[in-house]
Amino acid sequence: SLAGEWATDTEIKEAERWILKFKPQHLPIDRMQTNFSRSGGAGGQNVNKVNTKAEVRFSLSEARKWMPRYTVKRLGALYDGKINKRGELVTSSERHRTQEKNLKDCYSKIYEMILEASETPKDASDEKKARIRSLQRKAEVTRKKRKTKHSEKKTFRKERKTDRAFL
């Protein structure tokens, strides 16, 4: 099964089908809030006068209306630090000197986040599965050796204690 701990096979299949069709122009910009503020850093007077920093946010619970459940869950898990207390994913940009370019940058960041969150787990190849089994067997042997050695150490200590008791 491809499903992880928190997604069903159906949710994963839905995300796989959806992401194939999803393009940057499909971002529902009308469902996102935008704010502009003054940028920090270098830029001289322009930075002090013009609100060029762009911030875009959207509610993850609202996103379920236009995005598969699996993708929304993964966005929440992958970008936990970018989600505010109201459950909104927030991204900002102040790379450029214009609002328009910074806004486009925010939208492209969101698109990239959605692409990453839509990646689905793939089944391991037979070689990888065999390698994993081999490593698990080796780990088990190592664990048993360590336990045996520890047990022998304890037994040895007990024997020494009983020898001393008769002195």
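The values are calculated or read from the model by the stated rules, or taken from the named source; none is laboratory data. All of these numbers come straight from a predicted model, not from anything done at the bench. Please note: Cβ atoms are built from the backbone with ideal geometry, for glycine as well, and neighbour counts cover all protein chains shown. Protein only, heavy atoms only, side chains kept; ligands, DNA and RNA dropped before computing areas. Shrake-Rupley method; radii C 1.70, N 1.55, O 1.52, S 1.80 Å.
Kindly indicate which of Gly76, Gly43 is modelled with pLDDT under 90 and small (Gly, Ala, Ser). Every option except Gly43 fails the conditions. Residue check: His96 meets all listed conditions (1) over 21 Å from the mean Cα position of the chain (by Cα); (2) free of Cβ contacts under 8 Å to residues at least 24 places away in the same chain but one, namely (2). Within the stretch 100-128, residues that are over 16 Å from Ala15 (Cα atoms) sit with their Cβ atoms under 6 Å from residues that are exposed (fewer than 15 other Cβ atoms within 10 Å of the Cβ), at 6+ positions apart or across chains, in these pairs: Asp105/Arg95. Would you be able to say whether some residue in the stretch 91-100 is open to solvent by 60 Å² or more (accessible area, probe 1.4 Å), touching a strand residue (DSSP E or B) at 6+ places or on another chain (Cβ under 6 Å) and of a type in the set (S, T, N, Q)? Checked the stretch 91-100: at least one residue is open to solvent by 60 Å² or more (accessible area, probe 1.4 Å), touching a strand residue (DSSP E or B) at 6+ places or on another chain (Cβ under 6 Å) and of a type in the set (S, T, N, Q). With a requirement of 1 or more residues that are closer than 15 Å to Tyr111 by Cβ, the helices (runs of 4 or more DSSP H) lying completely within the stretch 14-90 that satisfy it span 60-63, 69-78.
Filtered by the rule that a residue be within 20 Å of Ile29 (Cα to Cα) and of a type in the set (A, V, I, L, M, F, W, C), the stretch 71-100 gives Val72, Leu75, Ile83, Leu89, Val90. Only one entry of Thr8, Thr34, Thr71 meets the criterion of being at negative phi, surrounded by 13 or more Cβ atoms within 10 Å (Cβ to Cβ), of a type in the set (Ser, Thr, Tyr) and modelled with pLDDT under 90, and that entry is Thr8. Among the conditions (1) surrounded by fewer than 12 Cβ atoms within 10 Å (Cβ to Cβ); (2) touching a Cys at 6+ places or on another chain (Cβ under 9 Å), the only one that Val56 does not satisfy is (1). Mind listing just one residue for me: the one in the stretch 112-153 that is part of a helix (DSSP H, G or I) and touching a Ser or Thr at 6+ places or on another chain (Cβ under 8 Å) and, of those, surrounded by the fewest Cβ atoms within 10 Å (Cβ to Cβ)? Here the residue is Met113. Condition check: open to solvent by less than 90 Å² (accessible area, probe 1.4 Å) and either in a helix (DSSP H, G or I) or within 22 Å of Ala7 (Cα to Cα) (or both). Does Lys109 satisfy that? It is true that Lys109 is open to solvent by less than 90 Å² (accessible area, probe 1.4 Å) and either in a helix (DSSP H, G or I) or within 22 Å of Ala7 (Cα to Cα) (or both).
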